[in-house]
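Beneath this line is the structure, given in structure tokens, with notes to follow.
The values are calculated or read from the model by the stated rules, or taken from the named source; none is laboratory data. Keep in mind that what you see is a predicted model, and the values were worked out from it rather than measured. No Cβ is skipped: glycine too gets one built from the backbone with ideal geometry, and neighbour counts run over all protein chains shown.
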Amino acid sequence: MSSTVVYLIVFVVSVVTVVCDHLSDSVLEQLMAINSYTKCRVDADCAKISDHTFCFGNDADKDGYCRCKENYDMVSRNKTFFACLGPAGLGEKCEKNMQCQIVLTENSECANSVCRCKNGAHLYKDGRCYVSVLLGDFCRGSANCWLASNQFGNCVYGKCTCKFDNEVPGTDRMSCVHGKKIGEQCESDNQCSLTENTQCKTVCRCSPGFVMSRDQTRCLKAATRFNDVCLENDQCSASLQGSICLSNNCTCDIGFHSLDLKCVKTASFGGPCSNSEECVRDSSHLEVIHCNNGECQCKPGAVNETLGCTNRSNFIVQNSFVVILLGLVLKFL
């Protein structure tokens, strides 16, 4: 072996020795997370150093190493001695987070040498810490739904709700208040949330764009145009004057037709009428048709054609074009 190789080996060994001599306590703790450096033949050898230990890996031919029992966490006191820290409950003394988390779950910590639930977590009645969730937010179980005064809600389909059907979330979403039905006196919108699409205006009523159902238990969406889907007539007539709900669509009754956003009685050209709107199917036709002396007629200046009325100027232009076109055809015959 050359002298160069020998020097290299000596250098590497020296570096390793220096590094080991300067390992921090936290690194030592990680290295000792499972086994200690202390060799043993029997469990009693380990018990001399710390309680809650046993000798692991020992057999007839070789020594074992001291290890902490299940649910006990090993912590180094120095490079030779160690201690096994046991589980600790809420308010009990601790040195490491692991002691608390064995009992209280990962939502706990060791703060100022005492176990507590982390910020944003709370203690449930089973003696463990859970993440606190506001009413209406996602939850994994009812233990998440912590309310004021150390009360709890229910986790229903992954959402925190109040425990009783007649309760609704308070404005802080950490308490439940008695819900109000449509027509009952209220102080805030959230009291009315027992029914969807409601608001508080001294009493609970349907929000703009919604109408109260016949049984006064729901707020149904109001139609904004003909043929919108509906369940009851009021959904249609709220915005579409005179309309009805027929086959789950907003429409006009027999003998009426839609004009803009209302239903008007249908009158035929030349037939009896009460107003000009009865005579037309489109509001733009009111320029040439009106109800005159109780009869649908063309307005003065409009021309009566087979299919109705048209403006005279349009009629003249259209007919002049026909005459010119006819003249051109005859010229080439």
When you scan the stretch 137-157, how many residues do you find that are modelled with pLDDT of 95 or more and not in a strand (DSSP E or B)?
10
Residues in the stretch 292-300: is at least one assigned to a loop (DSSP other than H, G, I, E, B) and surrounded by 13 or more Cβ atoms within 10 Å (Cβ to Cβ)?
yes
Given (1) touching a strand residue (DSSP E or B) at 6+ places or on another chain (Cβ under 6 Å); (2) among the basic types (Lys, Arg); (3) modelled with pLDDT of 95 or more, identify the lone condition not met by ARG312.
(3)
One residue is enough: does the stretch 223-241 have a residue meeting the conditions closer than 30 Å to GLN191 by Cα and part of a strand (DSSP E or B)?
yes
Being on the phi > 0 side of the Ramachandran plot and either surrounded by 12 or more Cβ atoms within 10 Å (Cβ to Cβ) or at pLDDT below 95 (or both) is the requirement here; does GLY327 meet it?
no
Tally, over the stretch 235-249, of residues that are of a type outside the set (A, V, I, L, M, F, W, C) and buried (at least 18 other Cβ atoms within 10 Å of the Cβ):
3
